[in-house]
1. If I filter the stretch A:86-95 for residues that are farther than 27 Å from B:P109 by Cα and not in a helix (DSSP H, G or I), do I get at least one hit?
2. Residue check, B:S65 against (1) free of Cβ contacts under 8 Å to residues at least 24 places away in the same chain; (2) open to solvent by 20 Å² or more (accessible area, probe 1.4 Å), all met but one. Which one?
3. Could you identify the single residue in B:R140, B:R129, B:R134 that is basic (K, R), farther than 23 Å from B:S65 by Cα and under 16 Å from the mean Cα position of the chain (by Cα)?
4. Considering each residue of the stretch A:106-164, count those that are of a type in the set (K, R) and within 14 Å of chain B (Cβ to nearest Cβ), and give that number.
5. Restricting attention to the stretch A:119-164, which residues are part of a strand (DSSP E or B) and charged (D, E, K, R)?
6. For the stretch B:30-39, check the following and say yes or no: at least one residue is at pLDDT 85 or above, open to solvent by less than 60 Å² (accessible area, probe 1.4 Å) and not in a loop (DSSP other than H, G, I, E, B).
7. Return the residues of the stretch A:96-118 that are modelled with pLDDT of 90 or more, in a loop (DSSP other than H, G, I, E, B) and under 13 Å from the mean Cα position of the chain (by Cα); say none if nothing qualifies.
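The values are calculated or read from the model by the stated rules, or taken from the named source; none is laboratory data. Because the structure is a prediction, the values reported are computed rather than measured. Quick reminder, even Gly has a Cβ in these numbers, built from the backbone with ideal geometry, and neighbours come from all protein chains shown. Side chains are part of the model used for accessible areas, which takes the heavy atoms of the whole protein and leaves out ligands, DNA and RNA. Shrake-Rupley method; radii C 1.70, N 1.55, O 1.52, S 1.80 Å.
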2 protein chains.
Amino acid sequence: MKSTLRPIGPIRFPAVLTSPLLRGGGLPDIAVLCLLAGVIAMVIAFAREFDPQPFHLDARAAEQSIFKGLSASGWHTAAMSMRLFITGELKVAGGSIGLGVDELRWPMPVRPGDVLRLETEILDVRASRSKPDRGIIRIRNVTTNQRGEIVQTFMAFVMVQRRL
Amino acid sequence: MKSTLRPIGPIRFPAVLTSPLLRGGGLPDIAVLCLLAGVIAMVIAFAREFDPQPFHLDARAAEQSIFKGLSASGWHTAAMSMRLFITGELKVAGGSIGLGVDELRWPMPVRPGDVLRLETEILDVRASRSKPDRGIIRIRNVTTNQRGEIVQTFMAFVMVQRRL
């Protein structure tokens, strides 16, 4: 599968997780991650594989649906947002392992050709109680399109490696 | 993108949403949807596109990670579960439009070659207050593997067309 996601260029932000944040498990100031990436042409291909409903597959059916045009599956929006999260400027040594997601919402559809931007707010950083080499960050991810409209929001708990 | 998801065969269940359920917006008995589908070989391809972390891309890195072997991105598991939901025996006229997802959890990783099964419990059916031609169902989706282990759970609100 050839990627059609094109990075447009990151906005730099403080490298929060290489700072002392995870050393003591204390609370950080709220930190914001901003980045940009190109998006889609893959709306139909993704939908054919994972969400094969007419309004995600066919322009005419999409026009007649409540979407009034082709739009990405919400799970495609979620997957693209993950791509932004992983390949953005927030570099987490050892990787980010999602433990759970809450309040996942898709207030606006993503259209083919949209440019998505992910903003990650780090709400909380704490050491794992059971695994001293791990930490858990709680984040709020907000994905917007090129008009600044919010297309997805969620909260998540993410397991990361802890600096000892 | 050529699909590698292979249906293994559905278990039949009462066609709940072609029953009178949405006619009056009343509460149904809890209904359960069961179906089966083949799964993966696409773990790495999906991860390369949407979740490019070493433990989803490389067998050796995966062995050394807490996953102890290659596993699918949680968003891949979510997307495959959507495929099961849409192509299963629960046929919703006009399609299913996800409004929101809560309590999305991945208690076990999905491995390449796993066979996933989705069970959808319909918790609630009601008419939309603002759009008389629409209804909203609240569901609980549980995805299990071939050993019956739960690999994903979530609750969702789904917009459907209402019988008038």
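1. From the stretch A:86-95, those farther than 27 Å from B:P109 by Cα are none; that's our starting set.
No, every residue in the stretch A:86-95 fails to be farther than 27 Å from B:P109 by Cα and not in a helix (DSSP H, G or I).
2. Going through (1) free of Cβ contacts under 8 Å to residues at least 24 places away in the same chain; (2) open to solvent by 20 Å² or more (accessible area, probe 1.4 Å) one by one, B:S65 breaks only (2).
3. Just one listed residue meets the conditions, B:R140.
4. 3
5. Scanning the stretch A:119-164 gives A:E119, A:E121, A:D124, A:R126, A:R134, A:R138, A:R140.
6. Within the stretch B:30-39, none of the residues are at pLDDT 85 or above, open to solvent by less than 60 Å² (accessible area, probe 1.4 Å) and not in a loop (DSSP other than H, G, I, E, B).
7. Scanning the stretch A:96-118 gives a single hit, A:W106.
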